[in-house]
Amino acid sequence: AGEFFQELSDVDMVVFDKTGTLTYGRPTVKDVRAWGIEERDLLSLLRAAEHPSEHPLAKAIVKFAELQGIEESRTVEEFKAIPGQGISCRIDGQKVLVGKKAFLAEHDVDLSTAVQAGDLEDGNTVVFASAEGKLLGAVALQDIPRRGAQQVMHRFDKLGLKTAMLTGDSKAVAESIARQLGIDEVYAELLPAEKVKVIENLQQSGRKVAMVGDGVNDAPALVQSDVGIALGAGTDVAMESAGVVLVSDQIGNVLSAVLLGRASHRKMKQNIAVAVLFNFFGMSLAIAGMITPAIAIGVMVFSIFAILLNTLSLTKVDLGQEDDTENVSVVETELNAPSMVCEGCAQKITEGFMLLDGVQKVLPDIKEKRVHVLHNPNQITEEQLRDNLKKLGFA
């Protein structure tokens, strides 16, 4: 493990994966567009296609469909996930593709209708769906940056370290997140192999690179980097590929690791200097006949304690763990609504919440008798949401 402290002290560039590292990795559906098909039929198709996938976007789409009451099972065959692109499968005998626009274009899907989704791509990740070569619709999703990520980037900048983002997401989404957080360089629309190439190019330009990631797609880049750092809540593959594994997924711990690496290397050099200094004076006094064996033992013990105390001072090192006061723009709160028994109840709840400032979306789940509310916590709190549900008579 000592080698990684050495490497961390030499790092001059920190590269981050986006989804699940800089963001929470819990995207939410912002909008759905269907062309030539009912929206519920589109969501039914998407739920079936994405259900076998472990990707955060897939999970968000499945959850959204289920919140709309779409849970019927459909036969999915020949399922295949293409990293960084999308998925292909057969549903009820039809060849279904879900993923990036470029992925569908490679399979000769007619994308002429996609121009109608232009406004969806403004800061959102857009997933397209087709069946038998016909574009059926698109889903816009949005993930939010981790709390404190902006402060971490600011601290790295003050330390003289460059920051970069690697993502398979669109350039527009990546640049939007980078602007919010103050990241220096952005590399978007990358496949896992292309992430490795970016790391190699940075290293060839003389950079000492630390790569931070949490997913399967990040594993090759973690291996290629000088220091691979995996978040504690990441996949097993990512953690096995990294040299440093953080115990939690807090982005501030990346800064702490770099600061600790620098401080450890500095203390190591100080301890060597102290040891050399004590030995030099001890030998000089011994040669001059000015020291007895008892005094020599005392000097040796004193030097050991001096080194020990200097090493223990690492506990006083500022690891950049500032108070996380950065505001989260959108959070999801789940409320129990035992009196919600019909579509009319769900409609009344939706209308009652959408009148409140700070509420962006309301997703009633009649079957589970729960209401999922996307809201700005700075404008309306969870307690206020619960009070409103009581006023509406459904708590």
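Of all the options Ser130, Ser339, Ser264, the one that moves most in a Gaussian network model of the chain with Cα springs shorter than 10 angstrom is Ser339. Each other residue within a Cβ distance under 15 Å of Ala178 adds +1 if Lys or Arg and -1 if Asp or Glu, for a net charge of -3. Taking 0.36 nm per residue of sequence separation and removing the Cα-Cα distance, the Ser73/Gln379 pair yields an extension gain of 106.2 nm.
Restricting the calculation to alpha carbons of segment 28-142 gives Rg and Dmax of 12.5, 35 angstrom. Amide H contacts under 5 Å for Leu190: Thr167, Gly168, Asp169, restricted to partners 5 or more places along the chain or on a different chain, H placed in the peptide plane at 1.01 Å from N.
The spacing between segment 49-71 and segment 338-355, judged by their C-alpha centroids, is 23 Å.
Would you mind counting up the charge near Asp226? Only other residues with Cβ under 13 Å from its Cβ, with Lys and Arg at +1 and Asp and Glu at -1.
Residues close to Asp226 contribute a combined charge of -3.
What percentage of all Cα-Cα pairs in segment 256-316 are separated by more than 14 Å?
Details: 1123 of 1830 pairs.
Every Cα pair in segment 256-316 considered, those over 14 Å come to 61 percent.
Taken over segment 260-395, the alpha-carbon convex hull comes to 153 cubic angstrom per residue. Amide H to amide H, with H built 1.01 Å from N, Lys361 comes under 5 Å of Leu374, counting only residues 5 or more places away or on other chains.
In summary, the helical segments of the chain meeting the span-like criteria, namely a full DSSP H run, a Cα extent along the axis of 18 angstrom or more and a mean Kyte-Doolittle hydropathy of at least 1.0, are 293-312.
Exposure proxy shown here: for Phe302, Phe64, Phe16, Phe278, the number of other Cβ atoms within 10 Å sets the order, fewest to most, as Phe302, Phe278, Phe64, Phe16.
Counted over the chain, the DSSP beta bridges are approximately 70% antiparallel.
What length, rounded to one decimal in nm, is gained on full extension from Asp184 through to Asn279, with 0.36 nm per residue of separation minus their alpha-carbon distance?
29.5 nm
Its Cα gyration tensor gives segment 184-256 an equivalent ellipsoid. The semi-axes, each the square root of 5 times an eigenvalue, are 19, 14, 11 Å from largest down.
Note on segment 148-212 and segment 11-36: Cα centroid distance 14 Å, given to the nearest whole angstrom. Each Lys and Arg Cβ is given +1 and each Asp and Glu Cβ -1; about its Cα centre, the chain then shows a dipole of about 1020 debye. According to the Cα-based calculation, Rg over Rh for segment 331-392 is 0.92, with Rh computed by the Kirkwood formula. According to the calculation over all Cα-Cα pairs in the chain, the P(r) per 10 Å bin from zero is 5, 19, 24, 21, 14, 7, 4, 3, 2, 0 %. Which value in deg cm²/dmol, rounded to the nearest 500, describes the helix-derived mean residue ellipticity at 222 nm for the chain, given -39,500 (n - 2.57) per DSSP H run of n ≥ 4 and division by the residue count? Result for the chain, helices only: -13000 deg cm²/dmol.
Read-outs throughout are calculated quantities, based only on the coordinates presented, and are distinct from any laboratory measurement. Please read these numbers as outputs of a predicted model, since none were measured by experiment. Don't worry about glycine lacking a Cβ; one is built from the backbone with ideal geometry, like all the others, and counts go over all protein chains shown.
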